[in-house]
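Take a look at the structure set out below.
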Amino acid sequence: MNKHVSPKMNRRAFVIGSATLGAGLAIGLDIPFGGPAMVRAADGSPEIGAWVVVRPDDTVVIRIARSEMGQGSLTGLAQLVAEELECDWTKVTTEYPTPGQSVARKRVWGDFSTGGSRGIRSSQDYVRKGGATARVMLIQAAADAWKVPASECKAENSVITHTPSGRTTTYGKVAEAAAKLTPPAEVKLKDPKDWKLIGKGVKRLDTVDKTTGAMIYGVDVKLPGMMNAAIKDCPVFGGKLKSFDEAKIAGMKGVKKVVKVGDTAVAVVADTWWHARTALEALPIVWDEGDNAKVSSESIAKWLAEGLDDAQPAYVGNKNGDAKAAIASAAKKVEAVYSYPYQNHATMEPMNATALYTADKCEVWCGTQNGEAAFAAVLEASGLPAEKCDVHKVMLGGGFGRRGQTDYVRQAVMIAKQMPGTPVKLLWSREEDMAHGKYHPITQCKLTGAFDANNNLVALHYRLSGQSILFSLRPEALQNGMDPAAFQGVAQSGEAAFGYSVPNLLIEHAMRNPHVPPGFWRGVNVNHNAIYIECFMDELAQAAGQDPLEFRRKLMSNHPKHLAVLNAVAEKIDWDKPAPQGVYRGIAQVMGYGSYVAGAAEISVTDGSKIKVHRMIASTDPGYVVNPAQVERQIAGSFVYGLSALFYGGCTVKDGKIEQTNFDTYNSMRISEMPKVESVMVPSGGFWGGVGEPTIGVAAPAVLNAYFAATGRRIRSVPLRDQNITFA
Amino acid sequence: MANLTINGKTFTLDVEPDTPLLWAIRENAGLTGTKYGCGIAQCGACTVHIEGVATRSCGVSVGEAEGKKITTIEGLASGGTLHKVQEAWIAQDVPQCGYCQSGMIMAVAALLNEKPKPTDADIDEAITNICRCGTFQQVREAIHTIASA
């Protein structure tokens, strides 16, 4: 039985021989494959390099540093290791090393961060080498025992064969000897044409427990003597906690303690979470809301609109020719203003973390997209050094970028620190989760296109105004103040490059950072940039009297990979043939996270306001497809997430607070509203692109363009519910 | 104190009658397969069966559930045999993050109990659970696979 073993609670996964403990996270990336000292897993099985443990029964435990949050990377990464290891896939299981162990071993497992669709693409090389290294060591151990040259031996399906004599042994039998060998300095990876497991849609390794209720998420963690905490942070971002009247809830059932959490929040700790929550609701709290309480969606929109004015300063992200001059002298000009709102990640599992603090130790159990960032948060909040802290990762009930942040980890430690020796599980209510997200940034965009007398597009000016995520979360990544990520999908080059050639082009960003904290929300800046550029391309095609697909194709001859995916969806949806009676089509393309993607939609519209989505097509070229079954699920899932945001999403601000409080005011698509998504994968090889996020960008513009085709009406703002447009 | 019959067992729990059944199941009975998602009966992550009917347990009080037969995801399998919905979920690789799937599976099991061969329209009407990962395609396919078996 091929079953994922859930990360175990309360255990040190390894016995580390001669580890010297690092003082913090400021250690360079150093990924040796194995080492002179033999390392054993907790059950005594030998480690063959850091990525692989082989048990005597031939079970192979593959270490996974990145986090599984539904996107399937746990399975995909195991496939990458197993491909090179030549092990029996039915005997593969996985295990998360902890960030503390990784730091203690000089970051032997590399980066733990699981965001930006990087889980596979940015670790594929070294995890495959980890598998290959272990294979070489295992073969060498068998050859040594047989006293034959390793070159005469081969491995397949966890069996090592000495080809001339036909003798065989298994990985489990030689693992002890292999673990004592010095790892090879270099290993050669397979040619992609020889892959047997990579590219196959093998089943996920973590499904069974997700169907029986046995899978442990952060919210399910149980520790002996554990207490439960409910929290309220100041609903106005940047505001502070002034006071609370603890006496009013004295004697309420189960309540153990009421604690201040930093300067901004208060938590009630009780025997059960329901008791904690009930008491917290009854607790009188006075907030010092500060100046941000004056901010509203209207005031933010007004401020962003000012940024659309060319007189205001802006960062130039992509430029050729002289767009402003070409527009001034053009035969025809088209202009439109678009906007995109804040969005909450709304992971199904609200934020939570369980912390145990004692005078000489602080441990946290939580779902996190970045084990090392969570670890750093534990160090900082506990005040303890690295060797006295650790983070035990459990399954995430959704991430979508939200669990890359560590605010909830920090809070859990701050609470536990006030109750030394007692494990405390902090769980946010859905209402707290809605009020304290790290929201998809808010933007507006003014687009101006200009044509010559022959309806050729001669200039495009794309002026974005709005929030920068990096300004808030990674200021060190700004380039002379500019946020390069703001240009995702419309960048000059790189992993999110613009797919059109326009003789005079100006793409710029007037940065405006309201007080609402932004975050990386699945697809990130691709979401709004793809809507802006792809809906405007349709407007330009209309102005030129041309078919939207043909109009795009003429601008894409220098971008063959962008064009190939666009052509793939056009072919799949039969763009050249008329749509069925009453059905209308829209098309879009974008590049993000190193992958080229395109989408097409077929919809019908009743009374101008009721949309039935009949078909959604997606095409992607991510270079290589590790697990097509999982890629298909990521594509379909990204469309559900993107269309939920388009139809139902949008977080608004009143008196400095987010107005949406739960799924009744921040709705999400249901099964009845979502058609089957037809995926066309066209991996062209030679590069590694991401999969979890890129396709989300094309879902909304494909539907919006189809809506125009159906009604003649352009929708330039999100969500559609604000325009009384909903699902039929 | 309350007596709740969950998965064929009687639990005598130190819990107030106005506590939502969800929290009594998770915190007092210790069965954590049933998930908290919204607390206002919107998302369906907490779906259990009460007398065979798919019910959002966050919207039912312990007092209301007393004396009734409650089944959670942990009680869906009988003996060592998984329920046909669980088997189909594994065969179809339905879950992504999996957090909503306990509720989704309970809702589907109740639907199939009532309508062994549901149409797409039946599915659309009965299955209103939120899944932020977007597993709807696999959910629908798995239901049809069971129905056609």
Neighbour-count order for A:632, A:387, A:47, fewest beta carbons within 10 angstrom listed first: A:387, A:632, A:47
Given H placed 1.01 Å from N in the peptide plane, which residues other than close sequence neighbours of residue A:650 have an amide H under 5 Å from its amide H? A:344
Can you give the FRET efficiency to the nearest 0.05 for residue A:477 and residue A:246, using r as the Cβ-Cβ distance and R₀ = 25 Å? 0.05
Per residue of segment A:666-682, what does 6.51 cos²θ - 1.76 cosθ + 1.60 with θ = phi - 60° give for ³J(HN,Hα)? Whole Hz please, x for Gly and Pro, Karplus curve as stated. 9, 7, 9, 4, 10, 4, 5, 9, 10, x, 5, 9, 9, 9, 10, 9, 10
Could you pull out every residue, at least 5 positions away or on a different chain, whose amide H is within less than 5 Å of the one on residue A:257? Hs are placed 1.01 Å off N in the peptide plane, and Pro or chain starts have none. A:269
Length gain on complete extension for the stretch residue A:684 to residue A:724, per 0.36 nm per residue less the alpha carbon to alpha carbon distance? 10.2 nm
Kindly list the residues of segment B:16-51 that lie in the label zone of residue B:78, defined by a backbone N under 18 Å from the point 7 Å along the Cα-to-C-beta vector. B:49-51
For segment A:14-198: relative contact order, % (alpha-carbon pairs under 8 angstrom, 6 or more apart): 28
Only Lys, Arg (+1) and Asp, Glu (-1) charged, at Cβ; the protein assembly as shown dipole about Cα centre in debye: 900
Rg/Rh for segment A:614-728, where both radii come from Cα atoms and Rh is the Kirkwood radius: 1.03
Any chance you could give the angle, 0 to 90 degrees and rounded to 10, that helix B:101-114 forms with the longest Cα principal axis of chain B? 80
Listed residues B:126, B:91, B:107; largest mean-square fluctuation, Gaussian network over chain B with Cα springs below 10 Å, found at B:91
Kirkwood Rh, Cα Rg: Rg to Rh for segment A:284-354? 1.17
Based on the alpha carbons, how large is the Rg to Rh ratio for segment B:84-147 when Rh follows Kirkwood? 0.91
Long-range alpha-carbon pairs in segment A:140-286, meaning those over 19 Å apart, account in percent for 72
For segment A:14-198, inverting the pair-averaged 1/r of distinct alpha-carbon atoms gives a Kirkwood value in Å of 16.6
Of the listed pairs A:210/A:425; A:222/A:438; A:253/A:657; A:196/B:35, those with alpha carbons more than 29 Å apart are A:253/A:657; A:196/B:35
Using DSSP H assignments, which helices in chain A have an axial alpha-carbon span of 20 Å or above and a mean Kyte-Doolittle hydropathy of -1.0 or higher? A:124-146, A:526-543, A:628-647, A:696-711
So the compactness index of the protein assembly as shown, its C-alpha Rg divided by 2.2 N^0.38 Å, takes the value 0.96
Relative contact order computed over segment B:25-104 (Cα-Cα under 8 Å; 6+ residues apart), in percent: 32
Between the alpha-carbon centers of segment A:487-541 and segment A:79-140, tell me the distance in whole angstrom. 34
For segment A:603-665: Kirkwood Rh in Å [reciprocal of mean 1/r, alpha carbons]: 14.9
For segment A:378-429, compute Rh as the Kirkwood radius over C-alpha pairs and then the Stokes-Einstein diffusion coefficient at 20 °C and 1.002 mPa s; write the answer in µm²/s, rounded to an integer. 174
GNM flexibility winner over chain B from B:92, B:42, B:137 (Cα, springs under 10 Å): B:137
Apply the Karplus parameterisation 6.51 cos²θ - 1.76 cosθ + 1.60, with θ equal to phi minus 60°, to every residue of segment A:588-603 and state each ³J(HN,Hα) to the nearest whole Hz, in sequence, with x for glycine and proline. 7, 8, 6, 10, x, 6, x, 10, 9, 9, 9, x, 9, 10, 10, 9
³J(HN,Hα) across segment A:449-461 via Karplus (A = 6.51, B = -1.76, C = 1.60, θ = phi - 60°), whole Hz, x for Gly/Pro? x, 9, 10, 8, 5, 9, 6, 8, 6, 9, 8, 9, 10
Hey, what number do you get for the protein assembly as shown at 222 nm if only DSSP H runs of n ≥ 4 count, each worth -39500 (n - 2.57), divided across all residues, to the nearest 500? -8000 deg cm²/dmol
The long-range amide H neighbours of residue A:478, using H built 1.01 Å from N in the peptide plane and a cut-off of under 5 Å, are none
Across chain A, where is the longest run that never hits trypsin sites (Lys or Arg not before Pro) in a DSSP loop with at most 10 other C-beta atoms within 10 Å? A:189-728
Can you give the alpha-carbon Rg of segment B:2-75 over 2.2 N^0.38 Å, where N counts its residues? 0.93
What list of whole percents do you get for P(r) of segment B:1-128, with Cα-Cα distances grouped in 10 Å bins up to the one holding the largest distance? 13, 46, 32, 9, 0
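Taken together, the values in this text are just the output of simple stated rules run on the coordinates, not laboratory data. The model shown is predicted, which means the values in this text are computed figures rather than measured ones. A quick note on method: Cβ atoms are made from the backbone with ideal geometry, for glycine too, and the neighbour counts reach across all protein chains shown.
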